[in-house]
Structure formats: C-alpha cells, structure tokens
C-alpha cells in the first residue's frame, strides 16, 4: 500500500513538472518573439528583460538568443555606466553559445572573441600578459582551424613578444609562436586567394557575375588586405628580436639537436634568409642539411641563393627551375614563381625574371605583385631600350600599363601602384612631344629584352 502511495506521488510530481516545463517553453517562445521584434527595431532597452528570461530558462531554444543577445549586450556596453557587468555578460553569452550550439559557435571564433574582449579591456578586468596569452594560446591549440581573425592573431603574437621582453618567455617561444601564426596567415591567404581567383577567372571568361559574387570579391579582397597588414605588423613587432645577432648564436647552439628535423630546418633557413643573415657560414650549413633531410621546392630555392652568392648564376638558374618544377600545389607554385622572379630581378636578369612573374600571375591571377615587378623592371630599363629618346621614354607607358593592372587586381598594392602609374606617366613623353613627332595613336616597337609594342596615346 505504501509502495502504491509513493508511486502515485511520483507520478503527480512528474505530471506537474511536465506541465510546468511546457508552460515555461510556451512563455519562452512568446518572449523570444517579443525580444526578436524589438531587436529588429533596434529597441534594445525593451528587448533586454524578455531576452534575459529566455536565456536563463530556455538556453537551447534558438540561436536567436545568442545572435540577438550579442546586439543587446553591445548596446548596453556602449550606453551603460556598468560596462564591466555587460562585458562579463557578453563573455558568458559566448560561452553558453559554444555549450548549447557548438556547431554554430566554433571555439576558434568565439573563444578568441572572448580573449580579445578581455585584452581590449585588460585594465578593467585586471588581467596580466601571462593570463591573456594563456587565454589565446589555449583557444588556438583547441581550434586552430577556426582561429582566423586577423586582430586576434596579431594580439596572440604581440603578447608572447611582451612576455619575452618581461623575461617570462624564451626567444624560442617567440619564434615558435611567430611560425605558427605566419603559417596560419599563409593558409588563410591561400584560401581567400583561391576563392577570389575562381571568380576573377569566371569574369575574365566573359560571364556576368551576380551581386552575391561581386560582394564576395569585395569581401575576399578585404580579407587579403587585412592579412597583409597584420603580417607586416607582426614582423614589425618581431623587430630586432629576430636579427642576425640573435639568430646565429641560437641556431648554432640548437643545430646538432635539430639537424634531422625538417620543420626546424625549414624555419631556421627561411628566417636566416629573410633577415639577410646569408653571409654567415651557418646559413649554408643549414641549407645543406635541409636539402639533405627533405629535398623540396624550398630547399632547391635556398641552394640557388647560395650559388648566386658564389657567383654561380647558371647553376643557380637550374636550381630555381627545379624549385619551380617540384612544387605541385598551384598557389604555392605561384609564390615560388614570384620568389624566383624577385631573385632574378634583383640580379637584373630581367628577361628570365619576367618569365617567372608571368607564370606567377597565371597561377594566381588575383595577385598584383608580378605586374608591379614587371612595371618596375620596364621603368629601370627605359634608358637602355629604344632607338631614340622618345622611344626610350615610351617604355614608361608600358610600365604604367603594368602598374595599372596591379592596381586593378590587388587592393593591397593599390596605393603603391597608383603612385607608380602617376610617376611613370610623368616620365613618358608629354602631349607637346607627341604633337611635335606627329605620332599620336602610332604603335612603337620596343627592343632589347622587353621586345614589346606600345601605342602612343591619342591627342586631339
């Protein structure tokens, strides 16, 4: 009898609980509709109370709780005197979103946003550099794939440099973090470049792009511009920490332990090369070890740099060709072609350099760097190409055309390319000179290595 009585009580409690739960859900749905309409109307004050009820009672009901909640809290952060309370609320909201809607809240995005918010308000939260670095480092290691925001990548690196200067991190920690972040940026640049190239190719093939596709082009170019800016700022932040005086003793000390480690050798060689530490015997030692452990497009390029330093140009060109031929990834092959071109340009071997720059452009049509390099080579050759003073200066029109192309293709280079277009046009023959020679609209053949034609601008 007691057992029956107890079971009856349990059943009544369950019915009551289910009834309450259903009432709760119905009220949540009603309040969700209310706060969502207020948010759409940007009436965030009226949206706040019904939103809090739904968040606290039905956190799994809808993603709108988190999308709208972010807008509500950001409004309160801007307008309220109790800023810290709403900042903490925003961090809590992102944590709840990651918990209840993990598929729509990657840790690499929302965890990084929380760390960045703490960093931007570090005085208010009284957070140390170590605590903030650990925050970013934990998120990065948990979800590297989605840790892509340029600002957070920069902050993450900036903190490790600051800790090094405070003697709380080793120089190797700085380099390890730098390598990880730069490689991540390169991955994202490749990702957006390939997406952009697909749309550019479609447009060049004569297809009419939709509004959505045009918007994507703008977005992709914006991302590429931001990643370029962040890369430059990271290298500025790295500054003298990675100069030859620090690199040479560090790599000399750690070479024996890493002489068979391809990743370590690649990073050491690359950093020595970019910091122009190539005159030191250690550079050649590192390159030979890298080429022996893991021969690749990279190693052949670096071997070529050693041969060039020794004046063995013909042999170096063979290695440059190998470095290009060995690369199979289209985007990386474009970078390799551009690097080969840049090296040959530096040696004033312009004809060979242009071949590589044209290959780079074909492989990565959204990059204006090859066009700009060709423009500069044309301008540098103006005095040596052409059978008259007029024709020599006409080379600047060719240079301006290439700079214009770079300006059109690549937003990162727009300012620099625009300046060069203006400069080259100023150096080209004037309207008065065109009038005097009576060659308006005529085609001029440019000789020497350029071997191209240019049309004289028409004047009225």
Stretchable slack from residue 45 to residue 426, in nm (0.36 nm times residue separation minus alpha-carbon distance): 131.3 nm
Kirkwood-type radius of the range 175-297, with distances r between different C-alpha atoms, in Å: 16.9 Å
Helix-only mean residue ellipticity at 222 nm for the chain, each DSSP H run of n ≥ 4 adding -39500 (n - 2.57), per residue, nearest 500: -25500 deg cm²/dmol
Förster-model FRET efficiency, 56 Å R0, residue 122 and residue 33, C-beta, rounded to 0.05: 0.90
FRET efficiency, 1/(1 + (r/R0)^6) with R0 22 Å, evaluated for residue 416 and residue 74 via beta carbons: 0.05
FRET efficiency for residue 103 and residue 207, using Cβ-Cβ distance with R0 set to 22 Å, rounded to 0.05: 0.05
In degrees, nearest ten, helix 244-258 long axis to first principal axis of the chain (Cα): 70 degrees
Extended-chain gain in nm, criterion 0.36 nm per residue less alpha-carbon gap, residue 236 and residue 348: 37.5 nm
Compactness of the range 366-460, expressed as Rg and Dmax over alpha-carbon positions, Å: 13.1, 40
For the range 223-374, projected area of the alpha-carbon convex hull averaged over all directions, nm²: 9.4 nm²
Quarter of the Cα convex hull surface for the range 77-188, i.e. its orientation-mean projected area (nm²): 7.5 nm²
Between 0 and 90°, nearest 10: helix 211-238 axis offset from the chain longest Cα axis: 80 degrees
Mean separation of Cα contacts under 8 Å, 6 or more apart, over the residue count of the range 366-460: relative contact order %: 28 percent
Inter-label distance for residue 145 and residue 23, nm, one decimal - labels placed 7 Å from Cα along Cα-to-Cβ: 4.4 nm
Degrees between helix 330-346 axis and first principal axis of the chain (Cα, 0 to 90, nearest 10): 40 degrees
Relative contact order for the chain, counting Cα pairs under 8 Å that sit 6 or more residues apart, in percent: 7 percent
Label-point separation in nm, residue 263 to residue 389, each point 7 Å along Cα→Cβ: 6.2 nm
Answer label, with Rg/Rh (Cα atoms, Kirkwood Rh) calculated from the coordinates and candidates (i) 0.96; (ii) 1.33; (iii) 1.12: (iii)
Additional length obtainable on full extension of the chain from residue 313 to residue 67, 0.36 nm per residue less Cα span: 82.6 nm
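Readers should treat all values here as calculations from the given coordinates under stated rules, not as data from a laboratory. Keep in mind it's a predicted model, so treat the numbers as computed, not measured. Note: ideal-geometry Cβ built from the backbone for every residue, glycine included; neighbour counts use all protein chains shown.
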